[in-house]
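*Asks:* Dropping a structure here in structure tokens format, bear with me for questions.
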Amino acid sequence: MKKKSILILIVCLVFVLFFADSGYAIKKLKKLSYRQRQKVLKTLDERYQRWYKVVYHISAKEERTVFLSLTNNRDRDIFVRTFWQQRDPTPGTQDNEYQIEIEKRFAYVQKYFSRGSSKPGWMTDMGKFYMILGKPNSIERFDSRPGLYPAVVWYYFGDKTLGLPTYFSVTFYRPNNTTEWKFYNPSVEGPAALLIKHMPVDELNYAALYEKIKELAPELAMPAITMIPNEVAPGFRPPLRNNLIVSNIYESPKRKINVSYATHFLNYKGYVDVESSINYIANSKLVSVTKYDRFGFAFVNISLKPKRISVGYSEEKNQYFFNYNLSVTLRQGEKSIYEYKKNFDFYIDADKVNQLKSNGIIIHDSFPMIPGKYSMTVFAMNSVGKEFTYFDSDIVVPPSNETPVLVTPVIGYKTEPHLDTFFFSYKFNNQKLFLDTEKNFRLKENPLVLLGVYNLDNKLWETGKIQLVLKSTSQRSNFKKDYQLPLNRFSYQKDLNILQEIKEEGGLNPDYYELEVNLIDGAGTTLASQNVEFAVSPLRVFAHPMETFKKIRVDNPFFFNYTLGTQYEKLGSLVEAEKYYARSVRNNPAFKQGMVSYLNILNRRKKYTQVLVDVEKLQGDKDFEFDYNLTKATALFGMKDYKEALNHLLRANTIYDSDIRVLNLLGFTFLNLKEYQEALKVFDASLSLNDQQQFIKQTVQKVKEHMNTGNKTKTKSR
């Protein structure tokens with residue numbers, strides 16, 4: 001290759017390499033077909049195959065899918081431990097009583113219920129109900145009653161919190177005198193299925209069928225009709241409630257399990273070590289987007305409430321505490337646009353510990369975000385007990401343009417005045433809105449709704465309105481009411497935030513509610529709609545959770561602008577990145593990291609002269625001596641002043657000799673100075689730090705080829 005071609009290639013691609021970014025992919029859960037599940041199971045160790053059978057009837061489909069998606073035994077072991085921990089009735093004790101009970105049930109069904117069946121015990125109908133419900137409280141057998149197929153009835157006391165009746169029956173029979181017991185559902189098979197039909201019967205004459213079975217086996221007549229003893233519909237017709245009971249039985253082992261621990265497992269397992277990974281805590285959360293007229297850009301608000309929290313004790317402060325480390329990442333596809341970490345310490349006196357544990361705490365945080373659609377992951381770990389919680393969410397940050405925007409409303413339960421100059425989550429017009437992520441309200445408590453109307457122009461403000469439609473979502477109530485809020489009732493702002501109390505005389509009745517919010521212009525056209533749901537409890541007294549959040553001064557928003565600059569830079573929007581970095585530096589000239597980022601963007605936009613002027617603001621600061629030399633060398637390289645660029649790169653390399661950016665730029669500088677051997681030495685050092693740099697490898701190969709060609713030419717000329 002000709003020398004000129006090498007140098008052109010170098011100058012064109014060096015900055016692409018220098019400022020390259022890498023993406024990060026979130027692992028998504030893929031659904032598996034029956035064949036795929038069976039194929040995966042056959043590849044697993046026998047102990048995992050057995051575990052899958054043991055938990056099949058008590059686990060959620062999502063849990064089984066995640067387990068089969070795991071690729072190594074380490075993760076499988078962690079998942080199995082986590083699975084049982086989610087079901088441990090006495091956390092913190094040595095034994096998991098539920099796990100022990102399920103193992104006993106499995107051994108029993110394998111031993112007894114496979115008899116007379118071609119299936120293993122756990123796959124039979126009896127095995128399924130036994131694994132879910134356990135040993136019956138009582139049993140009635142009808143093995144040899146003339147005119148009836150063999151039948152057996154199991155009776156159980158049910159747990160209402162799991163959706164089960166107080167007392168119910170489960171019946172099995174052997175149709176046509178087969179050897180395998182089948183589950184009998186009165187509403188599906190019907191009582192005629194229990195009769196040996198020596199003569200034609202009217203399968204729909206339930207009263208006659210009931211009387212016939214009662215004549216042959218009095219104790220079987222009621223279970224033949226209904227799963228709830230003595231609950232008989234007119235005409236002895238099997239009630240459809242039987243189907244609901246069956247469904248609730250199947251769901252009962254999972255009803256109190258939040259499967260988010262499993263659906264998120266593929267993502268969060270990379271955040272935590274082996275021991276911590278079994279300490280997943282479910283959560284309730286709220287994610288919203290708000291704008292403030294004084295800033296002109298949007299904020300994403302995160303509110304996270306762990307379902308359980310452990311506390312430690314500080315002898316130094318004589319207080320109890322917890323410590324949550326919050327990690328937040330936003331992506332577009334596989335590309336990371338913004339990520340940060342933040343620590344939340346919370347200290348409380350001894351008399352408040354029980355309140356904290358019973359009512360919980362909400363962690364609030366907010367950060368500025370540029371317009372776009374994102375997938376967000378939020379991970380939080382409590383250093384006490386290494387408990388952690390996790391969630392992901394898709395969010396949309398609306399643009400600032402001429403189109404009016406109505407964001408999703410936020411429901412709170414009270415406000416307090418805050419007249420300071422600090423910014424924090426849900427502070428509007430010197431008022432702090434308090435909220436509960438579970439959106440539950442006490443009886444007679446008036447909900448407050450935060451309404452955000454953004455990109456508002458004067459015409460819409462003068463003539464438009466917000467319509468609130470509040471209605472009950474339960475079937476027992478037909479409550480519905482409209483509220484009209486003219487926009488000009490409030491002082492004009494382009495980005496208008498309204499706190500409106502939902503107040504009814506005597507208070508809202510206990511119920512589930514939906515609040516629909518409509519933005520309507522002067523002509524009566526609905527421009528946008530949003531809705532939010534909440535519940536009013538019949539209780540007059542219950543405590544809302546505590547709240548914790550970070551404060552930031554708003555009189556100098558340099559860090560907000562810097563954050564937006566980093567996001568635009570990740571997206572490759574260099575013009576916008578430069579604009580926000582410049583604002584950050586103007587807001588706070590002492591913010592040297594902001595200056596470094598600003599100068600890097602100027603270099604990427606080839607504004608080398610400006611870089612050489614502004615970079616002198618870093619000179620003399622020992623903490624930024626490395627950045628000063630690297631940034632200046634980059635601008636000098638861009639201006640083809642390779643000798644001076646070399647001087648600053650050598651100084652930067654003296655300060656830190658393991659920076660790939662310095663080494664690569666140094667190598668290209670040597671190439672431009674025709675010092676090929678030195679260039680190869682530097683590139684070798686760079687590749688020793690990261691051997692995946694394909695462009696550097698290609699450059700090294702081409703340089704070697706060029707040097708060999710040159711040596712051959714010299715030999716011939718002699």
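Just so you know, all these numbers are worked out from the coordinates, no wet-lab data involved. Every value quoted in this text rests on a predicted model; they were computed, and no experiment measured them. Methodologically, a virtual Cβ is constructed for each residue, glycine included, from the backbone with ideal geometry; neighbour enumeration extends over all protein chains shown.
*Asks:* In a shell of Cβ-Cβ distance under 11 Å around K135, excluding K135 itself, what net charge do Lys and Arg (+1) and Asp and Glu (-1) give?
*Replies:* Values: positive: K104, R105; negative: E101.
Charge balance near K135 sits at +1.
*Asks:* Follow-up. Would you mind checking K632/K697; K342/K414; K104/K160; K291/K357; K61/K128; K432/K551 for any pair whose Cα atoms are more than 22 angstrom apart?
*Replies:* Working: K632/K697 26 Å; K342/K414 27 Å; K104/K160 24 Å; K291/K357 33 Å; K61/K128 15 Å; K432/K551 12 Å.
Long pairs (Cα-Cα over 22 Å): K632/K697; K342/K414; K104/K160; K291/K357.
*Asks:* On C-alpha positions alone, give me the angle between the axis of helix 660-672 and the longest principal axis of the chain, in degrees, nearest 10.
*Replies:* The helix 660-672 is inclined about 40 degrees to the chain.
*Asks:* Here's something else I'd like to know. Quote the relative contact order of the chain in percent (integer), defining contacts as alpha-carbon pairs under 8 Å separated by 6+ residues.
*Replies:* Reported relative contact order: 9 percent.
*Asks:* Something else about it: Identify the trypsin sites (Lys or Arg not before Pro) of the range 458-530 meeting these criteria: DSSP loop state and at most 12 other C-beta atoms within 10 Å of the C-beta.
*Replies:* Filter output for the range 458-530: R476, K503.
*Asks:* For the range 223-374, with the dipole built from +1 on Lys and Arg beta-carbon atoms and -1 on Asp and Glu ones, taken about the Cα centre, which of V232, N258, Y338 lies farthest toward the positive end?
*Replies:* V232
*Asks:* Hey, another quick one. Rg and Dmax of the range 271-424 over Cα atoms: what are they, in angstrom?
*Replies:* Here Rg and the maximum Cα pair distance are 17.5, 57 Å.
*Asks:* Among N497, V300, F79, which residue has its Cα positioned farthest towards the positive end of the charge dipole of the chain, with +1 placed on the Cβ of Lys and Arg, -1 on the Cβ of Asp and Glu, and the dipole taken about the Cα centre?
*Replies:* It is F79, whose Cα lies furthest towards the positive end.
*Asks:* Does the range 137-240 come out rounded, prolate or oblate, given a ≥ b ≥ c as the square roots of the eigenvalues of its C-alpha gyration tensor, rounded meaning a/c under 1.5 and, failing that, prolate meaning a/b above b/c? Let's see the in-between values first.
*Replies:* Numbers: a/c = 1.97, a/b = 1.34, b/c = 1.47.
Since a/c reaches 1.5 but b/c is at least a/b, the shape of the range 137-240 is classed as oblate.
*Asks:* What's the local net charge at S310, with K and R +1, D and E -1, over the other residues with C-beta under 13 Å away? Working shown, then result.
*Replies:* Values: positive: K307, R308, K357, K386; negative: E387.
Summing Lys and Arg as +1 and Asp and Glu as -1 gives +3.
*Asks:* Okay, next question. Can you tell me the length gained on complete extension of the stretch N458 to Y167, counting 0.36 nm per residue apart and subtracting the Cα distance?
*Replies:* Working: separation 291, 0.36 × 291 = 104.76 nm, distance 6.49 nm.
Full extension of this stretch gives 98.3 nm more.
*Asks:* While we're looking at this one, here's another question. List the trypsin sites (Lys or Arg not before Pro) in the range 580-654 that DSSP assigns to loop (not H, G, I, E or B) and whose Cβ has at most 15 other Cβ atoms within 10 Å. Which are they?
*Replies:* The qualifying sites are R605, K606, K640.
*Asks:* Continuing with the same structure: For a 28 Å ceiling on Cα separation, which of these pairs sit above it: K254/K335; K256/K550; K341/K606; K465/K503?
*Replies:* Those over the limit are K254/K335; K256/K550; K341/K606.
*Asks:* With angles folded into 0 to 90 degrees, how steeply does helix 574-587 sit against the dominant principal axis of the chain? Use alpha carbons for both and round to 10.
*Replies:* 80
*Asks:* Divide by every residue of the chain the summed helix terms, -39500 (n - 2.57) for each DSSP H run of at least 4, and state the resulting mean residue ellipticity at 222 nm, rounded to the nearest 500 deg cm²/dmol.
*Replies:* After summing the helix terms and dividing by the residues of the chain, the value is -11000 deg cm²/dmol.
*Asks:* Quote the charge dipole size of the chain about the Cα centre in Debye, to the nearest 20; the model charges only the Cβ of Lys and Arg (+1) and of Asp and Glu (-1).
*Replies:* I would put it at about 2580 debye.
*Asks:* Of the listed values (1) 42, 30, 25; (2) 46, 39, 29; (3) 63, 38, 24, grab the one calculated as semi-axes √(5λ) of the Cα gyration tensor in Å from the structure here.
*Replies:* (3)
*Asks:* List the residues whose amide H sits under 5 Å from the amide H of A282, counting only those 5 or more places along or on another chain, with H placed 1.01 Å from N in the peptide plane.
*Replies:* K307
*Asks:* Now for a separate question. With a cut-off of 8 Å between alpha carbons and a minimum separation of six or more residues, what is the relative contact order of the range 137-240 in percent?
*Replies:* Worked out over the range 137-240, it gives 24 percent.
*Asks:* Restricting to Cα pairs below 8 Å that are 6+ residues apart, what does the relative contact order work out to for the range 317-387? Please round to a whole percent. Display every interim value, and only then the final one.
*Replies:* Values: 92 pairs, mean separation 33.1, N = 71.
Reported relative contact order: 47 percent.
*Asks:* To make sure I understand the rule: partners must be aspartates and glutamates, Cα under 17 Å from the Cα of K135, and not fewer than 8 residues away in the same chain. Which ones qualify?
*Replies:* Counting by Cα, and skipping residues close in sequence, K135 has these aspartates and glutamates nearby: E97, E101, E103, D125, D159.
*Asks:* Here's a follow-up. Rounded to whole Hz and in sequence order, give me ³J(HN,Hα) for the range 543-557 from the Karplus expression 6.51 cos²θ - 1.76 cosθ + 1.60, θ = phi - 60°, writing x for Gly and Pro.
*Replies:* Karplus-based 3J(HN,Hα) across the range 543-557 equals 8, 7, x, 5, 9, 9, 7, 9, 10, 9, 5, 9, 7, 8, x Hz.
*Asks:* Would you calculate the separation in nanometres between label points at H418 and V575, each defined as 7 Å from the Cα along the Cα-to-beta-carbon direction?
*Replies:* Going from the H418 label point to the V575 one covers 3.7 nm.
*Asks:* What net charge do the residues around T161 carry, taking every other residue with its C-beta under 11 Å from that of T161, with Lys and Arg at +1 and Asp and Glu at -1?
*Replies:* +2
*Asks:* Any idea what Rg and Dmax come out to for the range 281-553 if you just take the C-alpha atoms, in Å?
*Replies:* When restricted to the Cα atoms of the range 281-553, Rg and Dmax are 19.6, 66 Å.
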